[in-house]
Amino acid sequence: MTMAASKSQHQAIVFVVDDDISVRESVELLIKFAGWQPETFASAKDFLARPRISKPCCLVLDVSLPDLNGLELQKLIASERTDMPIIFITGHGDVPTTVQAMKAGAVEFLTKPFDDEVLLGAIRHALKRSAAVLDDQAEITTLRSSYDSLTPREQDVMRLVVAGMLNKQIGLKLGISEITVKAHRGKVMQKMKADSVADLVKTAVKLGLAPATNPWHTTNR
């Protein structure tokens, strides 16, 4: 692990939602000992009242809770919080519950009493996943800002370039000269910080402007 990654991991927050105070306290101590920042909650509602953060995090979540249960909380937040992987803990796990949790995206499902090292390993894995998701989201935000800096005509040219069209074809389609297309294309490459059309295609795919399997090929340079 790099120093930057290590620093990122140690700045991470591990949320713990469990109505059993003894479990909360023991897991909190374990998380602190590992060098992460714990935040504990006795209910799903208490956790939901906590403002969202933008740093690596994960959620250690009990299945049985007094208001919303763990699976209901997972259903509420899973699609919006891909940057916060969930580790379920339970005192009475069963196969259907485990399957439901894992299918909905949980990274681990542990039955109490669980081994400390197993939980720490699951948290470590979850935080790495969280950091990766946040990095991807930051990259998309930067790329979207660069795309928004393009003029409408430059955006038109970019879409046609990544669709595999040649400069002459783009000119005919947009009703502009090939020289003008080249000028717009140069600006697009500069603003999008793309070194090649292949790079531009990758960017377009990430922004949802082009399909993952793109018709662009090596003759279109």
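The values are calculated or read from the model by the stated rules, or taken from the named source; none is laboratory data. Not measured: the values here are computed from a predicted model. Counting neighbours? That spans all protein chains shown, and the Cβs are built from the backbone with ideal geometry, glycine included.
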>> List the helices (runs of 4 or more DSSP H) inside the range 94-202, counting only whole elements, that have at least 1 residues being not assigned by TED's automatic domain parsing to the domain that holds L61.
In response: 116-148, 152-162, 167-174, 178-191
> Looking at this structure, is V181 free of Cβ contacts under 8 Å to residues at least 60 places away in the same chain, in contact with a His (Cβ under 8 Å, 6 or more places away or on another chain) and more than 30 Å from E80 (Cα to Cα)?
Replying inline: no
> Looking at this structure, is K173 among the basic types (K, R) and in contact (Cβ under 8 Å) with a residue 24 or more places away in the chain?
Replying inline: no
> Do you know which residues across the range 108-127 are buried (at least 18 other Cβ atoms within 10 Å of the Cβ) and either farther than 15 Å from T90 by Cβ or among the basic types (K, R) (or both)?
Replying inline: I123, A126, L127
> Counting only residues that are acidic (D, E) and free of Cβ contacts under 8 Å to residues at least 24 places away in the same chain, which one in the range 119-140 is farthest from L200 (Cα to Cα)?
Replying inline: D135
> Within the range 86-95, can one find any residue that is touching a residue at least 24 places away in the same chain (Cβ under 8 Å), under 30 Å from A138 (Cβ atoms), out of contact with any helix residue (DSSP H, G or I) (no Cβ under 6 Å at 6 or more places or on another chain) and aromatic (F, W, Y)?
Replying inline: no
>> Please go through the range 79-108 and give me each residue that is in contact with a Pro (Cβ under 6 Å, 6 or more places away or on another chain) and at pLDDT below 70, ordered by number.
In response: none
